[in-house]
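Peer 1: I have a structure here, written as structure tokens, and I will follow up with some questions on it.
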Amino acid sequence: IIGGQKAEPGNFPWQAFTNIHGRGGGALLGDRWILTAAHTIYPKDQNKQDSSNKDVFLGHIDLEEIEKLGHHPVRRVIIHPDYRQDEPNNFEGDIALMELENRVTLGPDLLPICLPDNETFYDKGLMGYVSGFGIKEDKIASELMFVRLPVADRKACQRWLRTKKSNDIFSENMFCSGDPTIKQDACQGDSGGVFAVRDRNRNIWVATGIVSWGIGCGEGYGFYTKLLNYVDWIKKEIGEED
Amino acid sequence: SIYIPQKLYGEVTSPLYPKPYPNDFEETTVITVPVGYRVKLVFWHFDVEPSEGCLYDYVKISADKKTLGRFCGQLESPLGNPPGEKEFISEENKMLLTFHTDFSNEENGTIMFYKGFLAYYQAVDRDECEPQYNTVEGSYQPRCQQLCHNYVGGYFCSCRPGYELQKDGRSCQAECSSGLYTEPSGYISSLEYPQPYPPDLRCNYSIRVERGLTLNLKFLDPFEIDDHQQVHCPYDQLQIYANGRNLGEFCGNQRPPDFDTRSNAVDLLFFTDESGDSRGWKLHYTTEIIKCPQPKALDEFTIIQDPQPQYQFRDYFIVTCKQGYQLVEGNQVLLSFTAVCQDDGTWHRAMPRCKIKDCGQPRSLSNGDFSYITTKGVNTYEARVQYSCHEPYYKMKTRAGSSESVRGIYTCTAQGIWKNEEEGEKMPRCLPVCGKPVNPVTQRQR
């Protein structure tokens, strides 16, 4: 997290810390599922097979402490069928689900986040929070950090990508966030964590996106998987109740 | 003598009949019928020279060493001594018919021709049961000592109940050692009752009726068995046993009380000594079906189905419990209960009890708890518990339209199961609550 601050206990109780092909993030759904980015399990540039070790940690803001709490074994992984590991510029379908072997017991430091149900969560300028144990400025984090970012204008993001001469695909199943003039962004190690928005009307926190890709860190916009477009798929995979 | 072959009927005629009979003739015809029969003979035609005292020609009938008559003349004529329509019957099975003619049948110088006779005989049954005259004793003696049965061609003797026909086929001796009575009711008495009973008796009368029936004995008057003022029944005794159980020993003139033996097997032993002239005893026995005591519930929760005013052998009753209670026999829970009235008047099972249904400890709820609405720790019928989830992290899953008032409330039902009004037996579920951090991020500096 670039330009962020330390989280306090209970701020982002859904935050998962993963270590699969390196550090990553995730979010707790229900009491048995971890939402994350597909590329944390099947990295694009490494051409690696699915790793046998999927270490998932939950329930603390301190890295050492979260690891002391013990890992949560993963029963199975579901990658979205649209994800293409072999296309480095295509992060379409960058979403995955991990089913934990055992249900977790919820508490103040471990709670799930909700999913979106309408487009208003993607209105330009809507503020959200991104959290993670990823790189901060030029150091790797040992505590959970967060940054508050606005949903950005799609056209502005597209324009920005053109200036960067990017071949990356910015599809309808993604949204962008941040501001090129402000050094606030997610970064490596934050992938898989969620863009969380507070719905003041219902007083709940909703995950509207998954930290997916960007060009550098803190120099422009960040790009996120648009969760609203995958809610049906998620419900189908994990069941309505979970 | 001419012996006619033995047969049941036949005819005898004079020689040359119906032509005139010859002179100077005498012949005796011996008529025989089978033993057990008598000979009965009648004359259909009779035309023999009449004479005073039947001196010339005559027919003589004799049987049993006696002459039954000597006859001559014509049937419708007064001359001579015609037999008329008389029936001649022998005592035994033989009769002799002698026909005698003299040297001529001349009357006033005229030769007369007489046709002779035609007689029919038949065998008639001899009633051997008629008392026979005993010449030695000079009186009539019965053929059998007790009972005589005549039949065509014979007879036989028998004895009254309690007596046995002896080898001589006519005398009877008392035999009462194995009388068996199996009818639902009847009468039993000492021999010769109400005449004095014979001496030296060893009588055993057994009554055996179907299982499930009980025998009632009622003695009738007169009741007389030899007794003694000071010593109990020293001479003659009547002992009564029911299923081997001794009901008493009786004598004297006081008839025993009526007995409800509660048994389907009764034995009466009657012993008499060598003398006495008491008239004996007689009883009437009846049966009635064994009854069982009226079933009674042991507690207020027990229901006896369709109670009957009376229960008898093979009847049964069914017991159930009020709602929320279950049948218990000892420590065992029963699914049902039936008791049958046995042949000894007892129920084949003792009355059970009804115990309140216990649903057991409520199941624990994952990520939740339960608390008792009713008395804590009591899990019996109509107990209620309230399930709740560990809020705010979990919330109870509800179906659309479910009532807040019954949510999570489970009642111990009559079936012994915890049930919710809407969810039934299904346990509630505590589902995670999303998006509600306990300590949401807040920022101060602007």
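Peer 1: Out of A:H21, A:H71, A:H60, report the one residue that is assigned to a loop (DSSP other than H, G, I, E, B) and within 14 Å of A:F133 (Cβ to Cβ).
Peer 2: A:H60
Peer 1: Within region B:339-359, is there a residue that is within 14 Å of chain A (Cβ to nearest Cβ), at pLDDT below 95 and not in a strand (DSSP E or B)?
Peer 2: no
Here's the yes/no breakdown for (1) in contact with a strand residue (DSSP E or B) (Cβ under 7 Å, 6 or more places away or on another chain); (2) farther than 30 Å from B:I290 by Cα; (3) basic (K, R):
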residue: B:G138; (1), (2), (3): no, yes, no
residue: B:Q146; (1), (2), (3): yes, yes, no
residue: B:C157; (1), (2), (3): yes, yes, no
residue: B:A174; (1), (2), (3): yes, yes, no
residue: B:S178; (1), (2), (3): yes, no, no
residue: B:P184; (1), (2), (3): yes, no, no
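Peer 1: Another question, then. Given the structure, is A:I78 more than 14 Å from every other protein chain (Cβ to nearest Cβ), more than 19 Å from A:F195 (Cβ to Cβ) and touching a strand residue (DSSP E or B) at 6+ places or on another chain (Cβ under 6 Å)?
Peer 2: Considered against the rule, which asks whether it is more than 14 Å from every other protein chain (Cβ to nearest Cβ), more than 19 Å from A:F195 (Cβ to Cβ) and touching a strand residue (DSSP E or B) at 6+ places or on another chain (Cβ under 6 Å), A:I78 comes out as yes.
Peer 1: Of all residues in region B:56-106, which are in contact with a His (Cβ under 9 Å, 6 or more places away or on another chain) and β-branched (V, I, T)?
Peer 2: Matches in region B:56-106: B:V59 only.
Peer 1: Pairs, please: C-beta under 7 Å, at least 6 apart or cross-chain, first residue among the basic types (K, R) and in region B:247-261, second at pLDDT 95 or above?
Peer 2: What qualifies is B:R255/B:F219; B:R255/B:F223.
Peer 1: Could you pull out the residue among B:Y387, B:Y410, B:Y393 that is within 14 Å of another protein chain (Cβ to nearest Cβ), farther than 28 Å from B:I304 by Cβ and touching a residue at least 24 places away in the same chain (Cβ under 8 Å)?
Peer 2: B:Y393
Peer 1: Separate question: From the list B:P437, B:P428, B:P432, pick out the single residue that is in contact with a Gly (Cβ under 6 Å, 6 or more places away or on another chain), within 30 Å of A:V206 (Cα to Cα), buried (at least 18 other Cβ atoms within 10 Å of the Cβ) and more than 11 Å from chain A (Cβ to nearest Cβ).
Peer 2: B:P428
Peer 1: While we're on this one: Given (1) within 14 Å of chain B (Cβ to nearest Cβ); (2) in contact with a His (Cβ under 8 Å, 6 or more places away or on another chain), identify the lone condition not met by A:D31.
Peer 2: (2)
Peer 1: Just a yes or no: is a residue in region A:89-103 surrounded by 14 or more Cβ atoms within 10 Å (Cβ to Cβ), within 14 Å of chain B (Cβ to nearest Cβ) and in contact with a strand residue (DSSP E or B) (Cβ under 8 Å, 6 or more places away or on another chain)?
Peer 2: Checked against the condition, which is being surrounded by 14 or more Cβ atoms within 10 Å (Cβ to Cβ), within 14 Å of chain B (Cβ to nearest Cβ) and in contact with a strand residue (DSSP E or B) (Cβ under 8 Å, 6 or more places away or on another chain), region A:89-103 yields at least one hit.
Peer 1: Hey, another quick one. Name the strands (runs of 3 or more DSSP E) wholly inside region B:274-326 in which the number of residues that are at pLDDT below 90 is 3 or more.
Peer 2: Of the strands (runs of 3 or more DSSP E) lying wholly inside region B:274-326, those with at least 3 residues that are at pLDDT below 90 span B:316-321.
Peer 1: Out of everything in region A:116-139 that is in a helix (DSSP H, G or I) and either more than 14 Å from chain B (Cβ to nearest Cβ) or touching a His at 6+ places or on another chain (Cβ under 8 Å) (or both), what residue ends up being surrounded by the most Cβ atoms within 10 Å (Cβ to Cβ)?
Peer 2: A:Y122
Peer 1: Suppose we keep only residues that are out of contact with any Ser or Thr (no Cβ under 7 Å at 6 or more places or on another chain), part of a strand (DSSP E or B) and not acidic (D, E) within region B:4-33. Which one would you say is surrounded by the fewest Cβ atoms within 10 Å (Cβ to Cβ)?
Peer 2: Looking at the filtered set, the residue picked out is B:Y9.
Peer 1: Within region B:240-248, is even one residue of a type in the set (S, T, N, Q) and in a loop (DSSP other than H, G, I, E, B)?
Peer 2: Yes - at least one qualifying residue is present in region B:240-248.
Peer 1: Considering every residue within region A:199-209, establish whether at least one is over 16 Å from A:E92 (Cβ atoms) and away from chain B (no Cβ under 14 Å).
Peer 2: No, that holds for no residue.
Peer 1: Sticking with this structure for a sec: Regarding region B:46-61, can at least one residue be identified that is exposed (fewer than 15 other Cβ atoms within 10 Å of the Cβ) and within 30 Å of B:G154 (Cα to Cα)?
Peer 2: No, the conditions are met nowhere in region B:46-61.
Peer 1: Also, I was wondering about something else. Return the only residue of B:S185, B:S178, B:S190, B:S139 being of a type in the set (S, T, N, Q) and surrounded by 15 or more Cβ atoms within 10 Å (Cβ to Cβ).
Peer 2: When all the criteria are applied, what remains is B:S190.
Peer 1: Condition first: surrounded by 15 or more Cβ atoms within 10 Å (Cβ to Cβ) and either part of a strand (DSSP E or B) or not aliphatic (A, V, I, L, M) (or both). Now tell me which residues in region B:193-207 satisfy that.
Peer 2: Selection gives B:Y193, B:P194, B:P196, B:Y197, B:P198, B:C203, B:N204, B:Y205, B:S206, B:I207.
Peer 1: Among the residues of region A:8-22, which ones are surrounded by fewer than 22 Cβ atoms within 10 Å (Cβ to Cβ) and more than 10 Å from chain B (Cβ to nearest Cβ)?
Peer 2: Within region A:8-22, A:N19, A:H21, A:G22 meet the criteria.
The values are calculated or read from the model by the stated rules, or taken from the named source; none is laboratory data. All values reported here derive from a predicted model rather than from experimental measurement. Note that each Cβ is placed from the backbone with ideal geometry, even for glycine, and that neighbours are counted across all protein chains shown.
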